[in-house]
Amino acid sequence: MADINGERPPSGGAVESLCDMVRGRVITAEDEGYDEARAVHNGMFDKRPLAVLKAEQVGDVIAAVNVAREHGLDLSPRGGMHSGPGFGTNQDGLVIDMSQMRTVRVDPRNKTARADAGATWGDFNHAAHAFGLATTGGIISTTGISGLTLGGGIGYLSRGFGLTIDNLISADVVTADGRFLTASEHENEDLFWGLRGGGGNFGVVTSLEYRLHEVGQVFAGPIFYNLEDAATVLRMFDEFIQDAPEQFGGFPGFQVAPPLPFIPENRHGDTLCLVVVHWAGPIDQAERVLKPFRDAAPIVADGSGQLPYPALNGAFDALYPKGLRAYWKGSFVKDLPDAAIAAHVEHGSKVPEVTSTMHLYPINGACHRVGANDTAFAYRDAKYGMVFLAGWTDPAKDTERIGWLRDYYQALSPYSEPGGYINFMQDDDDGRIRDNYRQNYDRLVQVKRSYDPGNLFHLNQNIAP
């Protein structure tokens with residue numbers, strides 16, 4: 001973080017000051033475990049921060065924010081470390097790692113839960129499922145609750161219960177000046193509005209309180225189709241999702257078939273069209289609701305069935321391990337015309353490996369019942385949150401994999417909205433910030449000026465004050 005003359009203040013004494021003020025371990029390059037502590041989920045980012053604080057409690061977070069501000073250091077708060085652009089680390093700055101702060105306390109009588117910011121969706125779902133409850137979370141269980149929530153929160157339960165932010169009751173936040181605030185509909189309301197979709201721009205969230213819903217067993221899983229039927233399947237899905245019961249929350253995509261037991265061995269490694277179906281309503285209604293997916297085209301493999309909701313949320317974790325190199329793009333989509341479907345088939349058919357894909361997450365239903373200005377998440381009229389993901393392990397393939405994804409993204413741009421879901425943005429998407437928030441951008445700037453006028457929290461999809 002530079003001063004007004006563009007020079008970085010000296011960081012001397014920052015680590016010593018921090019060590020004197022915290023209970024959590026402060027890890028520097030001289031310490032054992034530094035390489036593990038600095039690593040984030042996306043293997044594309046290999047940065048060396050001055051120090052990583054393994055925060056144990058809110059007091060540690062307050063101290064770290066104050067030290068970063070006073071010493072002019074870049075600051076990276078991190079929860080689950082899944083940030084596509086690698087915002088959970090930095091070069092020569094300070095990282096607040098909250099992965100040890102992961103308690104989840106469920107109140108089954110009021111159907112709410114309070115979770116520490118370092119919890120993952122796996123942690124959260126395990127705690128809530130014990131009471132037959134859940135809220136809208138992500139698709140991968142190793143994702144941190146904080147980052148996903150602050151970006152909006154798209155998941156399997158979005159159509160039935162709204163985005164994750166629509167289920168957020170309150171959040172505890174450490175702001176740039178070191179204050180500890182609670183944001184809700186009744187306290188620091190402007191901050192609460194900005195947190196719901198505005199990302200990490202306004203402070204370090206240390207805990208979040210959510211509204212829960214009755215979700216226990218679901219009927220879900222992937223159904224694979226031949227590529228030649230992809231256009232038919234996409235058209236069927238688009239028509240189905242328009243008026244589908246809101247307990248349905250699946251999505252279509254393209255996938256290289258992994259070596260799973262329910263997929264015929266001679267199809268392992270083939271590129272296929274798939275739909276991940278998800279039904280959270282009465283189990284005895286599942287087959288009737290999902291009949292269109294059985295009838296749409298010949299099925300290559302069917303991995304759907306009854307399972308606990310947390311098992312679904314963790315079903316694809318193995319495809320996206322820590323250290324995988326990853327490049328993302330995302331856009332909101334209102335319509336899926338024939339030309340868009342043709343572009344999907346052309347580029348989706350070239351998906352390069354099992355860890356690369358395109359998904360169309362439906363965000364109609366309950367998501368549309370929240371006003372476009374009620375939260376910072378502006379695209380309440382979008383039908384889909386579309387994501388392109390390239391994942392690979394060999395650095396020699398960087399150019400090829402990124403090229404495939406950019407070509408796919410550009411081919412769909414004429415049929416997409418200018419903005420996208422910030423959790424699907426890469427580090428080269430900073431030119432889309434205003435488009436991502438459209439009519440809400442100017443109000444977000446005002447909130448930023450109120451809580452972080454010096455832009456301490458700038459390692460994000462940044463809203464400049």
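The values are calculated or read from the model by the stated rules, or taken from the named source; none is laboratory data. This is a predicted model, so every value here is computed, not measured. Positions of Cβ are generated from backbone atoms using ideal geometry, with glycine treated the same way; all protein chains shown enter the neighbour counts. For the accessible areas, the whole protein counts, side chains as well, though only heavy atoms, and no ligand, DNA or RNA atoms are used. Shrake-Rupley method; radii C 1.70, N 1.55, O 1.52, S 1.80 Å.
Brief remarks on what is shown
- For the stretch 136-166, taking the residues that are of a type in the set (S, T, N, Q) and either touching a helix residue (DSSP H, G or I) at 6+ places or on another chain (Cβ under 6 Å) or in a loop (DSSP other than H, G, I, E, B) (or both), the one that is surrounded by the fewest Cβ atoms within 10 Å (Cβ to Cβ) is identified as Thr142.
- Of the residues making up the stretch 409-428, at least one is at pLDDT below 95, surrounded by fewer than 22 Cβ atoms within 10 Å (Cβ to Cβ), touching a Gly at 6+ places or on another chain (Cβ under 8 Å) and not polar (S, T, N, Q).
- Qualifying strands (runs of 3 or more DSSP E) (wholly inside the stretch 279-373; at least 2 residues being hydroxyl-bearing (Ser, Thr, Tyr)): 325-333, 357-362
- Unmet requirement for Thr182, which otherwise passes all of (1) in a strand (DSSP E or B); (2) closer than 30 Å to Asp284 by Cβ; (3) open to solvent by 30 Å² or more (accessible area, probe 1.4 Å): (2)
- Leu405 vs. criteria in contact with a strand residue (DSSP E or B) (Cβ under 6 Å, 6 or more places away or on another chain), among the aliphatic types (A, V, I, L, M) and open to solvent by 10 Å² or more (accessible area, probe 1.4 Å): no
Yes or no, residue by residue, for (1) buried (at least 19 other Cβ atoms within 10 Å of the Cβ); (2) touching a residue at least 24 places away in the same chain (Cβ under 8 Å); (3) at positive phi:
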position	(1), (2), (3)
Asp295	no, no, no
Pro298	no, yes, no
Pro308	no, yes, no
Gly323	no, yes, yes
Trp328	yes, yes, no
Lys334	no, yes, no
Ala339	no, yes, no
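- Checked against (1) buried (at least 19 other Cβ atoms within 10 Å of the Cβ); (2) farther than 30 Å from Leu444 by Cα, Gly365 passes all but a single condition, namely (2).
- Evaluating Asp317 against the criteria (1) under 26 Å from Asn364 (Cβ atoms); (2) open to solvent by 30 Å² or more (accessible area, probe 1.4 Å); (3) in contact (Cβ under 8 Å) with a residue 40 or more places away in the chain leaves one unmet condition, (1).
- Some residue of the stretch 400-415 being without any contact (Cβ under 8 Å) to a residue 24 or more places away in the chain and among the charged types (D, E, K, R): no
- Strands (runs of 3 or more DSSP E) fully within the stretch 194-258 counting 2 or more residues that are open to solvent by 30 Å² or more (accessible area, probe 1.4 Å): 204-211
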